[in-house]
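Below: one structure, written as structure tokens.
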Amino acid sequence: MKRICLARTALQVAFAVVVAACSSCDSGGGNTFELKSPPVPDAIKASDFVSGISNPLWPVPVGMKWSYRSETADGVEETTVEVLPGTRTVEGVSAVVLHDSVTLDGALIEDTYDWYAQDKSGNVWYVGEDSKEYRNGVVVSTAGSWESGVNGARAGIYMYASPKVGDFYYQEYYPGEAEDVGEVIAVNQTVTVPAGTYSGCAKIQETTPLEPDVLEHKYVCPGVGLVLTLDVAGGNVRDELTAVEPSGS
């Protein structure tokens with residue numbers, strides 16, 4: 001899903017210590033924070049994975065669809081995400097495929113295929129993406145695209161089976177292109193968005209050394225997945241779930 005991956009440039013900035021100052025902030029602007037790097041993920045093994053995804057915080061049955069909306073300085077951004085039939089094999093692992101498209105005032109600006117897989121412990125891994133950015137109907141960039149096992153890229157954890165405050169991890173690891181870092185900063189949260197009110201949610205803080213001035217908070221909820229993204233630093237955008245369509249609807 002978009003706004004999962006913060007980085008879309010290859011600007012590499014050195015970074016050192018832990019995110020601290022903004023852990024309890026949910027309003028954009030004026031925040032400062034420091035970063036540190038979690039351990040680089042180990043290479044995945046196909047024998048550690050199962051077919052399909054059953055993690056309740058990341059439900060992805062074929063045909064499920066999410067719609068998001070945010071008001072940005074450039075206009076209204078809308079994102080549609082859908083779970084596709086079929087799978088993608090990455091390092092011998094059968095991954096679920098999600099397709100998401102982003103429009104700005106109705107014009108396509110991004111089109112992406114994301115690949116996820118679940119291990120035997122119930123953790124969901126992000127194993128790669130094929131992303132294209134558009135301007136005036138023309139592809140202008142594929143920056144941020146990566147696949148685990150290719151050119152040094154490695155899969156990262158996207159959602160733990162049982163997230164705990166303090167979990168700190170790479171969500172994706174492709175140096176210079178895709179280095180999103182997640183940290184669980186709260187659990188059992190309740191969130192209200194246009195699509196409804198959801199409880200039992202995990203609050204995930206996301207940063208990346210590729211955009212060191214950007215920090216986001218995401219709320220991921222049982223039975224629906226991502227419902228809300230807040231820019232805490234580097235912007236002032238509230239990206240909300242406006243509708244969700246279950247599989248077969």
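Laid out as a table, the results:
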| read-out | value |
| --- | --- |
| Per-region count, region 55-81, residues assigned to a loop (DSSP other than H, G, I, E, B) and within 27 Å of VAL150 (Cβ to Cβ) | 4 |
| Residues located in region 158-209, provided they are surrounded by fewer than 22 Cβ atoms within 10 Å (Cβ to Cβ), among the small types (Gly, Ala, Ser) and either part of a strand (DSSP E or B) or touching an Asp or Glu at 6+ places or on another chain (Cβ under 8 Å) (or both) | GLY166, ALA186, ALA195, GLY196, SER199, GLY200 |
| Residues located in region 38-51, provided they are touching a strand residue (DSSP E or B) at 6+ places or on another chain (Cβ under 7 Å) and either within 20 Å of SER94 (Cβ to Cβ) or among the small types (Gly, Ala, Ser) (or both) | PRO41, ALA43, ILE44, ALA46, ASP48, PHE49, VAL50, SER51 |
| Scope region 34-54; condition outside any loop (DSSP other than H, G, I, E, B), within 15 Å of TRP115 (Cα to Cα) and of a type outside the set (A, V, I, L, M); matching residues | PHE49 |
| Candidate set from region 124-141 (those that are surrounded by 15 or more Cβ atoms within 10 Å (Cβ to Cβ) and β-branched (Val, Ile, Thr)); member that is farthest from GLU91 (Cα to Cα) | VAL124 |
| Qualifying positions in region 218-249 - in a strand (DSSP E or B), among the aliphatic types (A, V, I, L, M) and modelled with pLDDT under 95 | VAL232, ALA233 |
| Residue within region 60-79 that is without any contact (Cβ under 8 Å) to a residue 60 or more places away in the chain, of a type in the set (Val, Ile, Thr) and surrounded by 14 or more Cβ atoms within 10 Å (Cβ to Cβ) present | no |
| Residue count, region 140-170 (criterion: touching a Cys at 6+ places or on another chain (Cβ under 8 Å) and under 16 Å from VAL124 (Cβ atoms)) | 0 |
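The values are calculated or read from the model by the stated rules, or taken from the named source; none is laboratory data. Because the structure is predicted, anything quoted here is derived from the model rather than measured. All Cβ positions, even for glycine, are placed from backbone atoms using ideal geometry, and neighbour counts span all protein chains on display.
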